[in-house]
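Reviewing the structure listed below.
A short reminder: the numbers here are calculations on the coordinates, not readings from a lab. It should be emphasised that the depicted structure is a prediction, and the values quoted were computed from it without experimental measurement. No Cβ is skipped: glycine too gets one built from the backbone with ideal geometry, and neighbour counts run over all protein chains shown.
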Amino acid sequence: MAAITAALVKELREKTGVGMMDCKKALNETDGDFEAAVDWLRKKGLSKAAKKADRVAAEGLVAVATEGGKGAVVEVNSETDFVARNEKFQSAVTEIAGLAIGTGADVEALKAAKTASGESVDEKLTNLIATIGENMSVRRAAVVTAEPGVVASYVHNPAADNMGAIGVLVGLKSDGDSAKLADLGRKLAMHVAAGSPAVAVAVDVDGVDSAIADKEREVFADQARQSGKPENIVEKMVEGRMRKFYEEVVLLKQAFVMDPDKTIEQVLADASKDLGSPVEIAGFVRMALGEGVEKKEEDFAAEVAAATGQA
């Protein structure tokens, strides 16, 4: 029997795309014979996963998990929305979201985290790929903390409990009543999910990336100068447009979607009075399924024409 070294297991993993535990098992079952181990994995249907690894996975689910003053949101992709309705896939995504509370936003650490079955998240997905027949991947994760306080969540159009196409976390830092904080946090999360009037990029003005703000200011200045107004008037016009810009992208400056006469800042001030304790937004995150992923557009007619030699 050939020695089953870590290097041999790694080589088998790289060739087949199968998880480390299954590669080790395959080598044990075949007395360390590399090619026989490849065949063993193929017979088990596990090496199918490697052939699917280059397929674009832009569907799937965004899932949230909360635990007191900490919450996590993850995006786990699949090739089609059909898989998003698969109970095994949903169960795996739920577990992955829960594990992210401990691992944080580091995707590689999340992939290496151990699931309840003892296999890593990466290995669990590899086995699911072989079972379901579609490529899957953990694309990203984010964590929000609020201590003392609560982290509230909201999922828009859920496909199952705590998972759907848009997931939001809002952390509220306060010593106030946790039930009231959770209720307010959920409402604020719904506001963030709605993206009204625009998707917020920061809690306050100071949190807006200076490069983004400078670019907007430059564009507004160029537009204002085209009016032929004096420079001092141009400056006032730019400041007015920057205020409008911040009202759109800064969460505290946005009009609350459930009461447009109030800004989020005013809503928090009212909540602070009601709870008898200051309430502030410790952080928030909005994650929408597939945003930023290039989806391959399929032209079925062209594909048929090419297959029949008519292209």
Too-long pairs where the Cα-Cα distance tops 32 Å, listed order kept, from Lys24/Lys70; Lys229/Lys262; Lys124/Lys180; Lys70/Lys273 | Lys24/Lys70; Lys229/Lys262; Lys124/Lys180
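Any idea what the dipole of the chain comes to, in debye rounded to 20, about its Cα centre with Lys/Arg Cβ at +1 and Asp/Glu Cβ at -1?
Details: 38 positive and 51 negative charges, 64 e Å.
In total the dipole reaches around 300 debye.
Could you work out the relative contact order of the chain? I mean the mean sequence separation of Cα pairs under 8 Å and 6+ apart, divided by the number of residues, in percent.
Details: 567 pairs, mean separation 52.8, N = 311.
It comes to 17 percent, rounded to a whole number.
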For Val18, the residues 5 or more places away or on another chain with a placed amide H closer than 5 Å to its own amide H are none
Name the long-range amide H neighbours of Ala282: under 5 Å, sequence gap of 5 or more, or other chain; modelled H, no Pro or chain starts.
-> Gly171, Leu172, Lys173
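Arrange the peptides 173-181, 4-12, 16-24 so that the one whose residues have, on average, the most other Cβ atoms within 10 Å appears first. Intermediate results must be reported in sequence, preceding the final value.
On the way: 173-181: 17.7, 4-12: 14.7, 16-24: 21.7.
Ranked by mean Cβ neighbours within 10 Å, highest first: 16-24, 173-181, 4-12.
Per the helix-only calculation at 222 nm, which mean residue ellipticity applies to the chain, given -39500 (n - 2.57) for every DSSP H run of n ≥ 4 and division by its residues, nearest 500 deg cm²/dmol?
Values: 12 runs with 143 residues, N = 311.
Helices in the chain give a 222 nm mean residue ellipticity of -14000 deg cm²/dmol.
With +1 assigned to the C-beta of every Lys and Arg and -1 to the C-beta of every Asp and Glu, and no other charges, what is the dipole magnitude of segment 86-129 about the Cα centre in debye, to the nearest 20?
Using Cβ point charges on Lys, Arg, Asp and Glu, segment 86-129 gives about 80 debye.
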Return the sequence-ordered ³J(HN,Hα) values of segment 127-133 in whole Hz as given by the Karplus equation 6.51 cos²θ - 1.76 cosθ + 1.60 applied to θ = phi - 60°, using x for Gly and Pro.
-> 5, 5, 4, 5, 6, 8, x
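May I ask you to order 92-99, 69-76 by the average number of other C-beta atoms within 10 Å around their residues, highest value first? Can you show the working numbers first?
Working: 92-99: 22.6, 69-76: 26.0.
Per-residue mean Cβ counts within 10 Å order the peptides as 69-76, 92-99.
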Any chance you could give the angle, 0 to 90 degrees and rounded to 10, that helix 20-29 forms with the longest Cα principal axis of the chain?
-> 10 degrees
Between the helical axis of 264-275 and the dominant principal axis of the chain, each derived from Cα atoms, what acute angle in degrees is found, rounded to the nearest 10?
-> 90 degrees
Rounded, prolate or oblate: which fits segment 95-216, taking a ≥ b ≥ c as square roots of the Cα gyration tensor eigenvalues, rounded meaning a/c under 1.5, else prolate when a/b beats b/c?
-> prolate
Over segment 59-156, with a single point scatterer placed on each C-alpha, what log10 of the ratio I(q)/I(0) does the Debye formula yield at q = 0.13, 0.20, 0.22 1/Å?
-> -0.42, -0.93, -1.09
How large is ³J(HN,Hα) for each residue in segment 171-188, as worked out from phi by the Karplus curve 6.51 cos²θ - 1.76 cosθ + 1.60 (θ = phi - 60°), to whole Hz, x for Gly and Pro?
-> x, 10, 8, 5, 8, x, 3, 5, 5, 5, 5, 5, 5, 5, x, 5, 5, 5
So what are the ³J(HN,Hα) numbers for segment 94-100, from phi and the Karplus equation (6.51, -1.76, 1.60; θ = phi - 60°), rounded to whole Hz, Gly and Pro as x?
-> 4, 5, 4, 4, x, 5, 5
Compute from the Cα atoms of the chain the Rg and the Dmax, the latter being the longest Cα-Cα distance, and quote both in angstrom.
-> 25.0, 87
With Cα springs under 10 Å, the Gaussian network model of the chain assigns the largest mean-square fluctuation among Ala112, Ala189, Ala224 to Ala224
Under-5 Å amide H pairs with Thr263, H placed in peptide plane, nonlocal only = Phe256
Out of Ala65, Ala159, Asn232, whose Cα points farthest toward the positive end of the dipole of the chain (charges: +1 Lys, Arg; -1 Asp, Glu; placed on Cβ)?
-> Ala159
